[in-house]
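I have placed the structure first, in the form of structure tokens, so that the comments after it can refer back to it.
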Amino acid sequence: MSTGFSLAIHGGAGVLPTADMTQERAARTHAALDRILAVGEAILLRGGSALDAVDATVCALEDEPLFNAGRGAVFTRAGTHEMDACIMDGRTRAAGAVAGIMGPRNPVRTARAVMEATPHVLMIGDGALEVARAADLPFEDADYFFTQERRDALDSTLAMEAAGTLDDDPSRRHG
Amino acid sequence: TVGAVARDRDGNVAAATSTGGMTAKRAGRVGDSPVIGAGTFASNATCAVSATGDGEAFLRLSVAHEIDARMRLAGADLDTAARGVVIDDLTAIGGSGGLIAVGADGAISLPFNCEGMYRGWSREGDDRGTAIY
């Protein structure tokens, strides 16, 4: 049984196909993963909890527009954002989750507020937003979450659907 | 989708996942990320898991809880349980994606059955890295 910490992060499995991944893009992605890994390591190195480490690390991932969450989240077919998040504490199996929300800068923080400030596990829509406001979490408007790359992905997906040429590329289903 | 799993120096584990979902998804569609036992799970008895990929497939397989159950009931180690669910079961129903998992013993497993997964890992005093494919 190791006494040290262990930490792992992911930025999603819908990676760009090898052919489309430029060296510059790959370097930027590795740098972002490395920077965000260091966020969780810093907490664990000073004896912090696994819960605080995953909370802070996922916030940093949400803030990074390269990945599909928070800022840089993908669009629904209506051109809107609907974000989901969840956090779970292995000590007590306490858990908080939110679905279908737009507004809180860091959806994972709203999930944690559900876990810590309500008797519930999963909350959706306006009720979840009320919990975020009661916890004084920062909100952003739609522009904050917008990235041209995700808008282009939505437009091309809808265009291919309309033309009947949408392939069944599994990574497209991953957002 | 993004996620993190951790085991701290006291041996406690935790998991968190966050997502925008799928490009061009219907309004109201929710995938596995916020569903405990599907895309996110943590128990000090076994492991912490955060998944990414074909949300509907991960929901149908209850992926994260299935890994916990194989460790708890069948005595599987973390990597055997995680790889069995992702490489065998997920593939068998035509699902694709991956997950990150940390065991109560500090082991890390990062299986995926698609082209790649943006991922990073760090074990105190041991291995550390990032990868895409």
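The values are calculated or read from the model by the stated rules, or taken from the named source; none is laboratory data. Bear in mind that the values here come from a model prediction, so they are computed numbers and not experimental data. We place every Cβ from the backbone using ideal geometry, glycine too, and count neighbours over all the protein chains shown.
None of B:Val85, B:Val102 is within 10 Å of chain A (Cβ to nearest Cβ), over 19 Å from B:Met22 (Cα atoms), within 12 Å of the chain's Cα centre (by Cα) and at pLDDT 95 or above except B:Val102. Residues in the range A:1-37 that are more than 7 Å from chain B (Cβ to nearest Cβ) and either among the charged types (D, E, K, R) or exposed (fewer than 13 other Cβ atoms within 10 Å of the Cβ) (or both): A:Ala19, A:Asp20, A:Thr22, A:Gln23, A:Glu24, A:Arg25, A:Ala27, A:Arg28, A:Ala31, A:Arg35. Exactly one residue out of A:Leu45, A:Leu122 is at pLDDT 95 or above, more than 16 Å from the chain's Cα centre (by Cα) and within 26 Å of B:Gly120 (Cα to Cα): that is A:Leu45. Inspect the range B:89-106 for any residue being farther than 30 Å from A:Thr22 by Cβ, in a helix (DSSP H, G or I) and in contact (Cβ under 8 Å) with a residue 12 or more places away in the chain and give the result as yes or no. Within the range B:89-106 (the criterion being farther than 30 Å from A:Thr22 by Cβ, in a helix (DSSP H, G or I) and in contact (Cβ under 8 Å) with a residue 12 or more places away in the chain), the answer is yes, since at least one residue qualifies. Put simply, of B:Ala38, B:Ala15, B:Ala45, B:Ala51 the only residue that is surrounded by fewer than 24 Cβ atoms within 10 Å (Cβ to Cβ), outside any helix (DSSP H, G or I), touching a residue at least 24 places away in the same chain (Cβ under 8 Å) and touching a helix residue (DSSP H, G or I) at 6+ places or on another chain (Cβ under 9 Å) is B:Ala45.
For the range A:91-113, taking the residues that are of a type in the set (Gly, Ala, Ser) and at the interface with chain B (Cβ under 8 Å from one of its Cβ atoms), the one that is farthest from A:Asp126 (Cα to Cα) is identified as A:Ala95.
Scanning the range A:87-121 for residues that are in a helix (DSSP H, G or I) and of a type outside the set (S, T, N, Q) turns up A:Pro107, A:Val108, A:Arg109, A:Ala111, A:Arg112, A:Ala113, A:Val114, A:Met115, A:Glu116, A:Ala117.
Inclusion of B:Ile67 among residues that are away from every other protein chain (no Cβ under 11 Å) and of a type in the set (Val, Ile, Thr) is warranted. Pull up the range B:18-34, narrow it to residues that are buried (at least 24 other Cβ atoms within 10 Å of the Cβ) and closer than 21 Å to B:Glu66 by Cα, then point me to the one that is farthest from the other protein chains (Cβ to nearest Cβ). Looking at the filtered set, the residue picked out is B:Asp32.
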